[in-house]
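Peer 1: To start, I am sharing the structure in question, which I have written as structure tokens.
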Amino acid sequence: MRRGTGLVMAGVAALAWGEWLNWRWSRILVGNREGASEAVIVLGFRNPQATANFINRWRVRVGIRSVSGGTHRTVVVFSGGATGSSVAEAKLMADYAASAGEFDGTVLLEDQSATTWENITNVIPLIEDVDLIKIASQPAHALKARAYLRRQRPDLAEKLVRADDYRPGEWTVLKPLLALYGLRTLRGLEADERRALR
């Protein structure tokens, strides 16, 4: 009986830890700015098949739900090269977004990147003129991309605001695994960036 209770408590603690860490990451290195125009950058994930895989489809949905309503002028930038197949991740994600019919605004493709650093480097010319910048991915990956933007272009990093990448209860069972993967992902950041994340 005690062993079963202990396992349940450990499971609940792991789920709560995963929720908390993903929530926290979604709120780091972002401001609370206002503006009339925005860019939502959707980062691709290695995709070996001819259609968008599960993770890329989820990232597209995060990007689309991150679009502000009202009078905002929005551009959605799908970013990712052909790292897992002959078709660029950006194109696969854009095709999925078009087939889902959830966004009919301006879409741009950045289809040369093979890494997160390159995603940021290559989208900069496409987003320089907007007032707000949102990065759509899993919270830890989006945080890493925000840190890279801060390193490459601090002036543009001032425009970063939250994407809708964290929702309580979404992927709850997987969030402890995503948190462990995120800790590994964020370990590669420079020491000064890690200090800023504390």
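The values are calculated or read from the model by the stated rules, or taken from the named source; none is laboratory data. Just so it is clear, the structure is predicted and the values come from calculations on it, not from any experiment. All Cβ positions, even for glycine, are placed from backbone atoms using ideal geometry, and neighbour counts span all protein chains on display. Remember, those area values only see protein heavy atoms, side chains included, never the ligands or the DNA or RNA. Shrake-Rupley method; radii C 1.70, N 1.55, O 1.52, S 1.80 Å.
Peer 1: Using a Förster radius of 22 Å, what is the FRET efficiency between residue 158 and residue 72 based on their Cβ-Cβ separation? Nearest 0.05, please. The partial results should precede the final answer.
Peer 2: Working: r = 18 Å, r/R0 = 0.82.
With R0 = 22 Å, the Cβ-Cβ based efficiency is 0.75.
Peer 1: Under a 10 Å cutoff between Cα atoms, tell me which one of 131, 111, 95 has the largest fluctuation in the Gaussian network model of the chain.
Peer 2: 95
Peer 1: So, one more: Rolling a 1.4 Å sphere over the protein heavy atoms, what is the accessible area per residue of the stretch 63-154, to the nearest Å²?
Peer 2: 42
Peer 1: Helix check for the chain. Which DSSP H runs span at least 24 Å along their own axis by Cα, with a mean Kyte-Doolittle hydropathy no less than -1.0?
Peer 2: Span-like helices in the chain: 2-25.
Peer 1: Another question about this same structure. Using a Förster distance of 45 angstrom, determine the FRET efficiency expected from the C-beta separation of residue 86 and residue 173, and round it to 0.05.
Peer 2: 0.85
Peer 1: Moving on to the next point. Using a probe of 1.4 angstrom, how much of the accessible area of the stretch 1-121 is carbon and sulfur, in percent?
Peer 2: Numbers: 3710 of 6380 Å².
The nonpolar share, carbon plus sulfur, comes to 58 percent.
Peer 1: Something else now. For residue 98 and residue 16 in the same chain, what is the full-extension length gain: residue separation times 0.36 nm, less their Cα-Cα distance, in nm?
Peer 2: 26.0 nm
Peer 1: Gap in Å between the Cα centre of the stretch 38-101 and the Cα centre of the stretch 157-175?
Peer 2: Each part reduced to its Cα centre gives a spacing of 16 Å.
Peer 1: Further question on the same structure: Could you tell me the ratio Rg/Rh of the stretch 1-116? Both radii from Cα atoms, Rh via Kirkwood. Walk me through the numbers before you get to the answer.
Peer 2: Values: Rg = 18.3 Å, Rh = 16.3 Å.
A ratio of 1.12.
Peer 1: Test of understanding: in a Gaussian network model of the chain with alpha carbons linked when under 10 Å, which of 78, 103, 45 would top the mean-square fluctuation ranking?
Peer 2: Top of the fluctuation ranking is 103.
Peer 1: At q = 0.13, 0.15, 0.23 Å⁻¹, what log₁₀ I(q)/I(0) does the stretch 77-159 have when each alpha carbon counts as one equal point scatterer in the Debye sum?
Peer 2: For the stretch 77-159 at q = 0.13, 0.15, 0.23 Å⁻¹, log10 I(q)/I(0) is -0.41, -0.55, -1.20.
Peer 1: Most fluctuating residue of 136, 114, 39 in a GNM of the chain with Cα springs under 10 Å: which is it?
Peer 2: Greatest mean-square fluctuation among the candidates belongs to 114.
Peer 1: Report Rg/Rh for the stretch 76-125, rounded to two decimals, where Rg is the Cα radius of gyration and Rh the Kirkwood radius.
Peer 2: 0.99
Peer 1: Let me have the relative contact order for the chain, percent, based on Cα pairs under 8 Å that are six or more residues apart.
Peer 2: 29
Peer 1: Report, ordered by chain and residue number, the lysines lying within cross-link reach of residue 159, taken as a straight Cα distance under 24 Å and ignoring same-chain residues fewer than 8 apart.
Peer 2: Within reach: 134, 144.
Peer 1: Oh, and also: Between residue 24 and residue 131, what's the calculated FRET efficiency when r is the beta-carbon distance and R0 is 25 Å? Round to 0.05.
Peer 2: Computed FRET efficiency for residue 24 and residue 131: 0.45.
Peer 1: How much net charge surrounds residue 53 when only the other residues with a Cβ under 14 Å from the Cβ of residue 53 are counted, with Lys and Arg +1 and Asp and Glu -1?
Peer 2: Computed value for this residue: +3.
Peer 1: For the chain, evaluate the Debye formula with one uniform point scatterer on each Cα (no solvent term) and list log10 I(q)/I(0) at q = 0.15 Å⁻¹, rounded to two decimals.
Peer 2: Result of the Debye calculation: -0.89.
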